[in-house]
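The values are calculated or read from the model by the stated rules, or taken from the named source; none is laboratory data. The structure displayed is predicted, hence computed values, not measured ones. Backbone-built Cβ (ideal geometry, glycine too); neighbour counts: all protein chains shown. These accessible areas exclude ligands, DNA and RNA; they are computed on the full protein's heavy atoms, side chains included. Shrake-Rupley method; radii C 1.70, N 1.55, O 1.52, S 1.80 Å.
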Amino acid sequence: QKTKEGFFSRITKAIAGKSTVDEEVLDNLEEALVSADVGIETTVQIIERIEKRVKQDKYVNTAELNNLLQQEIEAILVDAPEQNYKDFDIPEGKKPYVILVVGVNGVGKTTTIGKLAHNYKKAGKQVILGAADTFRAAAVDQLTIWSERVGVSIVKQAMGSDPSAVAYDTVQSAIAKNADVAIIDTAGRLHNKAHLMDELSKIRRVIQKLIPQAPHEVMLVLDGSTGQNAVEQAKQFTATTDVSAISITKLDGTAKGGVVLAIANQFKIPVKYIGVGEKIDDLIIFDKHEFVDSLFKLG
Amino acid sequence: MFNSLSEKLESAFKNLRGEARINDLNVANTVKDIRRALIDADVNFKIAKEFTDKVKEKAVGEKVINAISPGQLMVKIVKDELTELMGGTEAQFNITGNPAIILIAGLQGSGKTTFTGKLAHYLKTKKGKSPLLVAADIYRPAAIDQLTVLAEQVGVDIYSERENKDAVAIAQNAIKEAKAKNKNVIIIDTAGRLAIDEAMMTEVANIKQAVNPAEILFVVDSMTGQDAVNTAKAFNDRLDFSGVVLTKLDGDTRGGAALSIKYTVNKPIKFVSSGEKMDTLDVFYPERMAQRILGMGDITTLVEKA
Ligand SMILES: Nc1nc2c(ncn2[C@@H]2O[C@H](COP(=O)(O)OP(=O)(O)OP(=O)(O)O)[C@@H](O)[C@H]2O)c(=O)[nH]1
Ligand SMILES: Nc1nc2c(ncn2[C@@H]2O[C@H](COP(=O)(O)OP(=O)(O)OP(=O)(O)O)[C@@H](O)[C@H]2O)c(=O)[nH]1
Ligand SMILES: [Mg+2]
Ligand SMILES: [Mg+2]
């Protein structure tokens with residue numbers, strides 16, 4: 001691709017005729033990483049590791065540097081826990097598989113749930129959605145439209161009712177109907193609001209009355225255009241809900257979502273899905289290699 | 001994470017202590033640390049660089065008078081520069097025209113619909129206006145329902161056409177409705193869109209053309225990272241918007257995107273939104289924002305220590 005060459009050709013120019021990777025190369029690298037929201041701290045770490053490797057290996061040409069870079073950055077991204085089951089299948093003995101979806105306001109939780117439900121359904125699973133965002137204007141209507149679009153059932157109550165009661169109902173209904181997957185939508189909340197974060201702990205506790213191991217998955221949704229605040233989001237949501245997987249949305253824009261490198265570096269939470277649009281099919285299973293590649297595309 | 005700024009600057013300022021003048025050498029590390037602090041606050045990489053270079057230019061040669069340490073002097077220069085950059089001339093909000101037309105645009109999930117409700121509340125309660133909300137988001141599931149609920153909450157009317165798939169026509173029809181019903185402000189809520197989505201950008205440009213708004217407000221999430229520059233530029237190229245709205249400032253983001261946007265498109269920030277309730281709207285204070293970006297809580301203690 002042309003765009004990718006843009007970045008690497010700058011590196012090529014910078015190291016032409018040189019036997020080491022010099023300041024200029026590293027500066028370019030710093031700019032590329034920081035501009036993708038990777039953050040200063042993680043960027044500096046990556047650069048230090050590159051410097052070390054380059055010193056060890058003496059001469060490094062561009063192709064090798066390219067490789068080295070990709071390796072170092074990929075090394076930071078943790079793998080999703082060993083999956084011995086197919087994508088959108090559910091692990092043995094975890095039926096109904098309960099997924100709790102959390103995140104700050106407007107990141108794409110409800111939309112991601114619609115897309116997830118669609119994928120599970122395509123994989124032959126019976127899905128139930130739980131409309132536990134009883135707060136935001138028309139949140140229940142929005143999830144209802146998604147449930148109709150996908151063709152799955154939904155558990156809901158009146159606006160303003162207790163979100164944990166809705167979550168409880170959802171899991172109970174999933175058990176009763178022998179459903180495979182229950183996906184619970186929650187209201188967007190900023191991680192610095194203690195009372196709203198407590199509400200999430202309560203949802204968890206209430207679900208656990210029915211299934212002690214549930215939620216089997218706590219999915220933190222991050223907006224791919226968010227900057228360094230995403231690190232704080234990951235920290236606070238993990239502290240309250242034991243986040244087990246991340247989805248990054250809106251990567252169909254020009255933002256690179258590089259902040260997940262900083263998050264992976266500090267919290268070791270795997271990225272599972274990425275959102276690349278508003279349509280039902282716009283969900284992709286995260287691929288480290290492709291992601292790292294995209295970090296260096298200009299534009 | 002937030003402590004690192006004060007820690008970094010503190011050690012950097014220690015190096016400056018006891019010097020009579022700020023010079024190229026003794027200021028280098030401080031400038032670098034300020035730059036990193038700005039980038040940590042999500043100020044665009046290139047802008048942070050340009051900004052700190054300018055600050056350095058201002059600082060070098062400044063004589064350090066007895067009463068003030070070099071560190072304090074640097075902090076002052078940085079804060080003043082930043083405040084000036086964020087502010088400029090006092091931003092007026094234009095509600096001329098009958099009805100005055102206000103167009104709202106921005107990325108998906110930035111807070112447009114919520115802001116539309118808040119602005120209606122503000123104009124109704126603070127300016128004695130009679131607003132009509134227009135549901136021109138024909139794409140997002142339940143977008144009309146959402147705006148309807150908010151209109152009810154603030155007690156204003158809404159115009160929507162559930163079967164119409166032409167946002168431009170809806171906006172035009174709303175003007176007729178406003179005239180018929182004696183509404184003196186109409187606020188048009190549009191669908192979220194990506195700057196690179198050609199068809200969607202054309203749609204909102206067409207709405208602008210058709211209704212000739214008094215104000216076009218670009219709504220942006222204050223948590224946005226480095227890409228804020230590209231987005232703001234692209235929206236401005238297409239809409240030549242008249243002001244910026246910063247949302248979700250009730251979070252703990254430093255909000256460096258605000259600086260990047262101001263720097264890039266030089267349009268005033270007219271409102272800040274800080275909550276989900278309809279009365280959480282405020283006008284913009286440049287100095288507060290400058291302090292927030294710098295983590296001024298830290299800076300004030302630093303000045304005391306310096
Ligand atoms: N371009 C793009 N837009 C997306 C993507 N995912 C979600 N959106 C849009 O982002 C906006 C917000 O999405 P929602 O799913 O309502 O977000 P949410 O997190 O549920 O929001 P709250 O419940 O209000 O906190 C909507 O306009 C979605 O269509 C994506 O991957 N790409
Ligand atoms: N905490 C907080 N939440 C906000 C603020 N402004 C908006 N929100 C929330 O952010 C989410 C998205 O807001 P919307 O108004 O739906 O955003 P939008 O830009 O209209 O979204 P689309 O129409 O999907 O593009 C909702 O959960 C809002 O309640 C704010 O200032 N603070
Ligand atoms: Mg939602
Ligand atoms: Mg909206």
Handout entry: Listed pairs A:K256/A:K288; B:K76/B:K233; A:K268/A:K288 exceeding 18 Å between Cα atoms
Key = B:K76/B:K233
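Can you classify the protein assembly as shown as rounded, prolate or oblate using the Cα gyration tensor, where a ≥ b ≥ c are the square roots of its eigenvalues, rounded means a/c under 1.5, and otherwise it's prolate if a/b beats b/c and oblate if not?
Working: a/c = 1.76, a/b = 1.19, b/c = 1.48.
The shape class here is oblate.
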Handout entry: C-alpha center-to-center spacing [the range A:183-198, the range B:171-219] in angstrom
Key = 32
Practice task
Go through the range B:108-126 and flag every residue whose accessible area shrinks by 50 Å² or more with all protein chains in place compared to the isolated chain (probe 1.4 Å).
Solution key: B:Q108
Exercise for the section: Ignoring ligands, DNA and RNA and using a 1.4 Å probe, state the total buried accessible area between A and B in Å², rounded to the nearest 100. Expected result: 3300
Problem - Angle between chain A longest axis and helix A:23-35 axis [Cα atoms, degrees, rounded to 10] - result: 20
Handout entry: For chain A: relative contact order, % (alpha-carbon pairs under 8 angstrom, 6 or more apart)
Key = 24
Problem - Qualifying trypsin sites (Lys or Arg not before Pro) in the range B:173-206, DSSP loop, other Cβ atoms within 10 Å at most 12 - result: none
Fill in the blank from the handout: Scan of chain A for GluC sites (Glu not before Pro) in DSSP loops with at most 14 other beta-carbon atoms within 10 Å gives a longest site-free stretch of A:93-299
Exercise for the section: Please determine, in degrees from 0 to 90 and to the nearest 10, the orientation of helix A:2-15 with respect to the longest principal axis defined by the Cα atoms of chain A, where the helix direction is its Cα long axis. Expected result: 40
Exercise for the section: For every helix of n ≥ 4 consecutive DSSP H residues, a contribution of -39,500 (n - 2.57) applies; sum these over the protein assembly as shown, divide by its total residues, and give [θ] at 222 nm rounded to the nearest 500 deg cm²/dmol. Expected result: -16000 deg cm²/dmol
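Please compare each pair in A:K297/B:K262; B:K179/B:K248; A:K250/B:K79; A:K115/A:K209; A:K177/B:K118; A:K279/B:K183 to a cut-off of 31 Å on the Cα-Cα distance and tell me which ones are over it.
Exceeds cut-off: B:K179/B:K248; A:K250/B:K79; A:K177/B:K118; A:K279/B:K183.
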Practice task
List the lysines whose Cα lies under 20 Å from the Cα of A:K202, skipping any in the same chain that are fewer than 8 positions away.
Solution key: A:K109, A:K156, A:K193, A:K235
Exercise for the section: Would you work out the charge dipole size for the protein assembly as shown about its Cα centre, treating the Cβ of every Lys and Arg as +1 and the Cβ of every Asp and Glu as -1, and quote it to the nearest 20 debye? Expected result: 740
Practice task
Pick out, from A:V38, A:A123, A:L283, the residue whose Cα sits farthest towards the positive end of the charge dipole of chain A, with +1 on the Cβ of Lys and Arg and -1 on the Cβ of Asp and Glu.
Solution key: A:A123
Exercise for the section: Once you have the Cα-Cα distance between A:I175 and A:D27, take 0.36 nm times their residue separation minus that, and quote the gain in nm to one decimal. Expected result: 47.7 nm
Exercise for the section: Let me know the charge dipole size of the range B:148-251 about its Cα centre in debye, to the nearest 20, where only the beta-carbon of Lys, Arg (+1) and Asp, Glu (-1) is charged. Expected result: 300
Fill in the blank from the handout: Rounded to whole Å², per residue accessible area for the protein assembly as shown with a 1.4 Å probe reads 41
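Charges at C-beta only: +1 for Lys and Arg, -1 for Asp and Glu. How large is the resulting dipole of the range B:90-174 about its Cα centre, in Debye rounded to 20?
That gives the range B:90-174 a dipole magnitude of about 280 debye.
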Practice task
Indicate the gyration tensor shape class of the range B:188-306 (rounded, prolate or oblate), computed on the Cα atoms with a ≥ b ≥ c the square roots of the eigenvalues: a/c under 1.5 is rounded; otherwise a/b larger than b/c is prolate and the rest oblate.
Solution key: prolate
